[in-house]
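Structure first, then comments.
The values are calculated or read from the model by the stated rules, or taken from the named source; none is laboratory data. Bear in mind the structure is a predicted one, so any value in this text is a computation, not a measurement. Please note: Cβ atoms are built from the backbone with ideal geometry, for glycine as well, and neighbour counts cover all protein chains shown.
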Amino acid sequence: MTQEDIESSKAPLIEHLIELRQRLMWSIGAILVMFVICFYFATDIYNILTVPYLRAAPDPDAVKMIFTAPQEWFFTQLKLALFGALFLAFPVVASQIYMFVAPGLYREERGAFLPFLVATPILFLIGACLVYFLVMPMAMSFFLSMEQSGGAGQVAIEHLAKVSEYLGLIMILIFAFGLVFQLPVVLTLLGRAGLATSDGLKSKRKYAIVAAFAAAAILTPPDPISQIGLALPTLLLYEVSIISVRLVEKKRAEREAEKEAEEAS
């Protein structure tokens, strides 16, 4: 490469770096704004997250939580604010990613890339709703069923939740389900790139079953309800991914057939 080639490539590189910095600043700014808003409403958000616990409790009015360190509730609010900020700011971050990448894509590639950005938060939200409305109440019912009333030679065993531990539990489940629900997006992208095929995915179905239950055992608490609750949707999403990849292959074959017909004519 000559010195002139090097000099001519500097300006576009600097422009790309300036644009990247701008996109990062917008993304970080959105996260900071959402963090402040979520921190202001942290108590209200936490009360919303405790609804599955209240639904599972025999006496919702008697439920109470504790914090055992002076700073525990404050740091719990910080974690909750960051959790909410990352979720609420994702549309802004995704749009900034798209605006940075889109100029380097062909029109067909832009049309293919945009649906995945839209599908990602929707699938994550579906996974979070599954945790909130189904898995978490069932898991809490399972945990609370282990309580024991005292008397007649029995010691009283009562659950008294810590604010940080409950938030950690529901955040782990929401993130685990949200990430697993991205499986169709990931496998479809691999299918578009030619790195995965529908026949290949079908032939590896038995390995996917083992991997689904192994991932559920790692990502969720050690109770059967949450593990099965994550493994079964994962297997269903795997089947959806096979269908999605098959549709991608069908469209690719149609485009290739049209191209060959044009060349032949």
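Some notes on this structure:
- Residue in segment 141-149 that is part of a helix (DSSP H, G or I), at pLDDT 85 or above, buried (at least 19 other Cβ atoms within 10 Å of the Cβ) and touching a helix residue (DSSP H, G or I) at 6+ places or on another chain (Cβ under 9 Å) present: no
- Which listed residue is surrounded by 14 or more Cβ atoms within 10 Å (Cβ to Cβ) and either in contact (Cβ under 8 Å) with a residue 12 or more places away in the chain or in contact with a helix residue (DSSP H, G or I) (Cβ under 9 Å, 6 or more places away or on another chain) (or both), from Thr50, Thr43, Thr68: Thr50
- Failed criterion for Asp223 (all others in (1) at pLDDT 85 or above; (2) touching a helix residue (DSSP H, G or I) at 6+ places or on another chain (Cβ under 7 Å) hold): (1)
- Qualifying residue in segment 19-40 (condition: modelled with pLDDT under 95, surrounded by 13 or more Cβ atoms within 10 Å (Cβ to Cβ), among the basic types (Lys, Arg) and closer than 30 Å to Met138 by Cα): no
- Whenever a residue of segment 197-222 is touching a residue at least 12 places away in the same chain (Cβ under 8 Å), it has no partner that is loosely packed, with under 12 Cβ neighbours inside 10 Å and hydroxyl-bearing (Ser, Thr, Tyr) lying with C-beta atoms less than 6 angstrom away and at least six residues away or across chains.
- Among residues of segment 171-191, those that are buried (at least 19 other Cβ atoms within 10 Å of the Cβ) and not in a loop (DSSP other than H, G, I, E, B), counted: 12
- If the condition is being in contact (Cβ under 8 Å) with a residue 60 or more places away in the chain, of a type in the set (A, V, I, L, M) and outside any loop (DSSP other than H, G, I, E, B), then segment 150-170 contributes Ala161, Val163, Leu167, Ile170.
- Residue match in segment 178-190 (condition: over 16 Å from the mean Cα position of the chain (by Cα), closer than 30 Å to Glu72 by Cβ and not basic (Lys, Arg)): no
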